[in-house]
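The values are calculated or read from the model by the stated rules, or taken from the named source; none is laboratory data. This is a predicted model, so every value here is computed, not measured. When the accessible area is computed, the model is the full protein with side chains, heavy atoms only, and any ligands, DNA or RNA have been set aside. Shrake-Rupley method; radii C 1.70, N 1.55, O 1.52, S 1.80 Å.
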Amino acid sequence: VNVFLLIVQTVVLTGCTKYQIIGCAGQGGSAQVYKAYVSCNPDDVVALKIQKPAFPWEFYMYRQLDQRISDKEVKLWSCYLYSDCSILVCDYLANGTLQDAKNSFAVIGKSMEEVLCIYYTIEMLYMLETLLGVGIVRGDFKPDNLLIRYARNDFTTDGFSDRSGPWHDQGLCLVDWGRGIDMHLFPDNMEFKGDCRTSGFRCAEMQENRPWTFQVDTYGLCVVVHLMLHNSYMEIEKKLSPEGGYIYQPKYWNAELWRNLFTKRLNSGPRANDKKLLQDLRESFQDYMSSDPLLIKKLSGLLVKQRATLGA
């Protein structure tokens, strides 16, 4: 199929579809994301991710997610490949990132409210539990890759634990899959050695030049949780375990829920049942929230306030 790219002021023609670029929604080292109208229709909004050089791997990862996960938050519509760049066309979410939500507290000298931290921790645990179950490693689990989704209807106490009703639409969406790994392409029990070289997100295995797989994601989750709780990156220390050997733990933590999360996620062995462990941790946070309707009521109010603060 012959496709072509023509930029005339703010209009891009790609294939047989015309996109009107409205503005830049974000950029990284090798990619820019633009908000665009399809056929100049303001009711049909998409995101165009333009990567130089062309990078078809992210399109492959999105397609694997489409095939393996039925309830995905963002749909990738198409991909156009050229000799010097590629363009991904996907849903546009304009509600900001988890990094933005964290920063809205940091600018006034505060940390995120604990019930919000618990809620977003539940969402992230659910994400990684799902990804692990379908054999996908995210590889770049950071707060600026987690887009916020908001419910269309008012919150209720019902449906929180099973993510139904308004709670189905509320939550997080993981984007930017350029570092994703498809474990189905490798033999069982495959491990990797390498360093993501992302400051603050290098798991213990990377720091010590040991093999890793899903640890890169679960460590990233712990870093994000620490950022929400303390407005600082997590530093880990290696301590003697009462049972013998060593354990890793962050230098700071709060209540028993968080202690349980950090200890179990930072110290799971290579043959641990990670999916069951993620599920147990998620359910412990859900049980805590569901134990008191006032906690869910407070969470609902904070989410409404957050949406207003971020202008979503």
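In the context of the full set of protein chains, residues of the chain present 50 Å² of accessible surface per residue (probe radius 1.4 Å, heavy atoms only).
When the chain is treated as a GNM with alpha-carbon contacts under 10 Å, the residue of 192, 214, 59 showing the greatest mean-square fluctuation is 192.
Proximity of backbone amide H atoms, modeled 1.01 Å from N, is registered between residue 139 and 217 at under 5 Å, excluding neighbours fewer than 5 places apart on the same chain.
Amide H to amide H, with H built 1.01 Å from N, residue 55 comes under 5 Å of 86, counting only residues 5 or more places away or on other chains. Across the accessible surface of region 126-255, with the other protein chains kept in place and a 1.4 Å probe, carbon and sulfur atoms take up 47 percent. Listed by chain and number, the lysines whose alpha-carbon sits under 19 Å from that of residue 239, ignoring those within fewer than 8 places in the same chain, are 251, 264. Any idea of residue 105's accessible area? Nearest 10 Å², probe 1.4 Å. Residue 105 exposes around 30 Å² with every protein chain in place. Couplings for region 202-214, taken from phi via the Karplus curve 6.51 cos²θ - 1.76 cosθ + 1.60 with θ = phi - 60°, read 7, 5, 4, 5, 5, 4, 10, 6, 10, x, 8, 9, 6 Hz in order; Gly and Pro are left as x. Here's the list of lysines a cross-link from residue 110 could span, going by alpha-carbon distance under 18 Å and ignoring same-chain residues fewer than 8 apart: 102, 298, 305. For the options 301, 159, 244, a Gaussian network treatment of the chain with springs between C-alpha atoms closer than 10 Å singles out 244 as fluctuating the most. Note on the chain: GNM, Cα springs under 10 Å; of 83, 284, 300, the largest mean-square fluctuation is that of 83. Distances between placed amide hydrogens fall under 5 Å for residue 18 paired with 39, all partners being 5 or more residues away or on another chain.
What's the carbon and sulfur percent of region 31-103's accessible surface, probe 1.4 angstrom, rounded to a whole number?
Carbon and sulfur together cover 51 percent of it.
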